[in-house]
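This report concerns only the one structure given below.
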Amino acid sequence: MEAFKEAMHLVFSFDKNLWQIIGVTLRMTLTSTSISCIIGIPLGVLLGKSYFHGKAFVMRILYTLTGMPPVVIGLIVFLLLSHQGPLGSWKLLFSVNAMIIAQCLLITPIMAGLAASVIGINAPRILETANGMRLPRRTKTKLLLLENRGPLVTVALTGFGRAIAEVGAVNLVGGNIQFKTRVLTTAIMLETGKGNFDFAIALGVILLTIAFIVNFAASFLKGEKYDYC
Amino acid sequence: MITVNSVKKYAGERLILNIEQLTVNKGEKVVLIGPNGSGKTTLLRIMAGTLKADSGTIVFADSAEPAYYMPQTSFGFSMSVYKNLLTALPKGLHKTDKRKAVEEGLKNFDLVSLAKKRGSKLSGGETQRMALARLLITPKSILLLDEPASNADVEGNDLIEKALLEFCEKNGTTLVMATHSPRQALNIADRLIFLQDGAIIESGAPEELLNRPQTEWGQRFIEHWKV
């Protein structure tokens, strides 16, 4: 309760440091989640509904990528973006964009894998019915997505959850620089290391609150009142 | 006319469908009967193009239109029943014509009271009635139906049979349908085909097969019907 009071005090005292951290966290998480949704979900839908030679192998690779340790991804992105790396000229290392790249690499396979798995379960019945009705391709795709909108929103939320809670990769490529790349998770690590537990717990409460608000908002998208045609 | 020539389908090493020759004439109503695993669904799915045969050909002559297919487990889309029927109509149709077609479909299949209910919330029998109403909302040349009334109650069964017969009569539709119900088969069929282990074991007009079943399975089917 004390930590919650401390968190509320920090938020409403408009602590510049805290709001900067929240801003960077939201920018990084929402951008990486959006990019991963745009790439990962269509890829997963395509994989889930298609049958082709070697699909099992592609899926195995995808599922392997979903288990990639964040620090390994952080290391790869670090080496790519470092001064002597192939993308060093982009000068992105220790920036929010570098953190976004690392997060996209981390959560896109997760979203694609989950979307493929969700669509793989429901697509055969939906498509067999739609094919039997000889519906146009566009209508079939629309129906497939709308009939699976609940699980697909859950997939996006899983990606968001993974992104907002991530610490290893963003610490490596972002560098936890104050007023620049410090996010809630890296700040919690730092404050805990300094023995500043109240502040660390308050940051944790804020992190949980953001996750709750996003989940709550997403539940409306999954809601039964959504209609179409 | 539909001609099925030397169609074979394997599940791994096992031959699950082996149809040497089957011809369905224009406007004919053919009913496939057989025990579970006899190949009824496989044959219908191959004819509908949702499953590929390993060999053989299927030719649809006299029809520029594709065959329409209703699977055994038709999907009720989660929109309202009214909108489920709307999805099956061509986009270019005028709003008034669309409404008229949907209302007629709802009436024919006793779905008026369910029009606002979600397609995904219907019972098995209601879903089948809705799926059939959705499919029969516009005239069709060829219909392939896989147990269209398997979940329906007695009234639902009668309704489906009546609507189906009227539809085929009105549009000169060629019908190939699978069922487990002897009564339904005899009420609808111009020709009955008995399938067993993926092959046609008997075929002929219902009266002919009823009086002179040639195979043991045919005899059992007729005894069951008489009971």
Within the range B:59-69, is even one residue part of a strand (DSSP E or B) and within 9 Å of chain A (Cβ to nearest Cβ)? yes
If I filter the range A:57-100 down to residues being among the small types (Gly, Ala, Ser) and in a loop (DSSP other than H, G, I, E, B), which single residue comes out as farthest from A:VAL167 (Cα to Cα)? A:GLY85
Exactly one of A:SER95, A:SER89 is of a type in the set (Ser, Thr, Tyr), crowded, with 17+ Cβ neighbours inside 10 Å and either under 30 Å from B:ILE137 (Cα atoms) or away from every other protein chain (no Cβ under 14 Å) (or both), and that one is A:SER95
Which one of these is surrounded by 19 or more Cβ atoms within 10 Å (Cβ to Cβ) and in contact with a helix residue (DSSP H, G or I) (Cβ under 9 Å, 6 or more places away or on another chain): A:PHE160, A:PHE179? A:PHE160
Condition (residue is free of Cβ contacts under 8 Å to residues at least 24 places away in the same chain, part of a helix (DSSP H, G or I) and away from chain B (no Cβ under 14 Å)) applied to the range A:194-202: is it met by at least one residue? yes
Basic (Lys, Arg), in contact with a Phe, Trp or Tyr (Cβ under 6 Å, 6 or more places away or on another chain) and modelled with pLDDT under 95: which single residue out of B:LYS140, B:LYS226 fits that description? B:LYS140
Tally, over the range B:5-48, of residues that are in contact with a Phe, Trp or Tyr (Cβ under 8 Å, 6 or more places away or on another chain) and assigned to a loop (DSSP other than H, G, I, E, B): 2
What number of residues within the range B:155-198 satisfy the criterion of being of a type outside the set (Val, Ile, Thr), under 10 Å from B:GLY34 (Cα atoms), out of contact with any helix residue (DSSP H, G or I) (no Cβ under 8 Å at 6 or more places or on another chain) and not in a loop (DSSP other than H, G, I, E, B)? 0
If we keep just the residues of the range B:160-181 that are buried (at least 20 other Cβ atoms within 10 Å of the Cβ) and of a type outside the set (Ser, Thr, Tyr), which is farthest from B:ALA48 (Cα to Cα)? B:ILE160
A careful count of residues in the range B:119-154 that are under 12 Å from the mean Cα position of the chain (by Cα), touching a residue at least 40 places away in the same chain (Cβ under 8 Å) and part of a loop (DSSP other than H, G, I, E, B) gives 3
Can you name the residue in the range B:91-114 that is assigned to a loop (DSSP other than H, G, I, E, B) and over 22 Å from the mean Cα position of the chain (by Cα) and, of all such residues, is farthest from A:GLU147 (Cα to Cα)? B:HIS94
Could you grab me the full set of residues in the range A:125-141 that are within 12 Å of another protein chain (Cβ to nearest Cβ) and over 14 Å from B:PHE75 (Cβ atoms)? A:ARG134, A:PRO136, A:ARG138
Residue, nearest to the other protein chains (Cβ to nearest Cβ), within the range B:47-58, restricted to residues that are buried (at least 20 other Cβ atoms within 10 Å of the Cβ) and under 18 Å from B:PRO148 (Cβ atoms): B:ALA48
Of A:GLY195, A:GLY204, the only residue that is modelled with pLDDT under 95, crowded, with 17+ Cβ neighbours inside 10 Å and not hydrophobic (A, V, I, L, M, F, W, C) is A:GLY204
Could you check the range B:70-94 and list, in sequence order, the residues that are surrounded by fewer than 20 Cβ atoms within 10 Å (Cβ to Cβ) and within 13 Å of chain A (Cβ to nearest Cβ)? B:GLN72, B:THR73, B:SER80, B:LYS83, B:LEU86, B:THR87, B:LEU89, B:PRO90, B:LYS91, B:GLY92
With the condition kept exactly as written, say whether any residue in the range B:122-139 is more than 14 Å from every other protein chain (Cβ to nearest Cβ), buried (at least 22 other Cβ atoms within 10 Å of the Cβ) and over 19 Å from B:PHE77 (Cα atoms). no
Being farther than 30 Å from B:GLU223 by Cβ, touching a Leu at 6+ places or on another chain (Cβ under 7 Å) and of a type in the set (Ser, Thr, Tyr) narrows it down to one residue among B:THR96, B:THR127, B:THR173; which is it? B:THR173
Looking across the range A:146-157 at residues that are touching a helix residue (DSSP H, G or I) at 6+ places or on another chain (Cβ under 9 Å) and within 12 Å of another protein chain (Cβ to nearest Cβ), the single one that is surrounded by the fewest Cβ atoms within 10 Å (Cβ to Cβ) is A:ARG149
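The values are calculated or read from the model by the stated rules, or taken from the named source; none is laboratory data. Everything numeric here is computed off the predicted structure, so don't read it as measured data. With ideal geometry, Cβ positions are generated from the backbone for all residues, glycine too; neighbour counts draw on all protein chains shown.
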